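Asks: What follows is a structure written as structure tokens; I'll ask about it next.
Readers should treat all values here as calculations from the given coordinates under stated rules, not as data from a laboratory. Since the model is a prediction, treat every value here as computed from it, not as a measurement. Methodologically, a virtual Cβ is constructed for each residue, glycine included, from the backbone with ideal geometry; neighbour enumeration extends over all protein chains shown.
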Amino acid sequence: MLLAHVETQVRNRAVQQLLFADADRAAAFLAYHVEPRLTAIVDRARAENTVRHDFTADIPLFAYAAGRVAADLPGTGAGFAHRHLELLIEGLAPVPVPPPLPRLGLRGVAARRRQDAAVSGR
């Protein structure tokens, strides 16, 4: 969805001008019409553990940033915008929580060192 939005901006200069001409009006439109829907989608994705738990509905900001990259760099901007979005999307993946380390205590550490030394022949 984000990539398609940026592609539309790259292909259609009128869309760029509409989005960037009046930032306040565009922000109000996004806040009223788009953000509630995106918030529901993001909330569902967080509940399904398909995005990071701390992610919020910042998608309009991502689209705006990528669109500006595409608009400001004619010819090469689309490629940079795609890469920018790819990195952002990859960063939204849930962060795996590593299993806790065993609590060995000092005696456990000493015993582990003895085991390691015996295995390595030291």
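Asks: Restricted to the range 43-100, and to residues that are touching a residue at least 12 places away in the same chain (Cβ under 8 Å) and among the aromatic types (Phe, Trp, Tyr), which residue is nearest to PHE29 (Cα to Cα)?
Replies: Across the range 43-100, the extreme among qualifying residues is TYR64.
Asks: Is it the case that the range 56-65 has a residue that's within 24 Å of ALA4 (Cβ to Cβ) and acidic (Asp, Glu)?
Replies: Yes, because at least one residue in the range 56-65 is within 24 Å of ALA4 (Cβ to Cβ) and acidic (Asp, Glu).
Asks: If you check PRO94, PRO74, which single one turns out to be in contact with a Lys or Arg (Cβ under 6 Å, 6 or more places away or on another chain) and of a type outside the set (S, T, N, Q)?
Replies: Just one listed residue meets the conditions, PRO94.
Asks: Still on this model: Can you pull out the residues in the range 21-40 that are without any contact (Cβ under 8 Å) to a residue 24 or more places away in the chain and not small (Gly, Ala, Ser)?
Replies: ASP22, ASP24, ARG25, PHE29, TYR32, HIS33, PRO36, ARG37, LEU38, THR39
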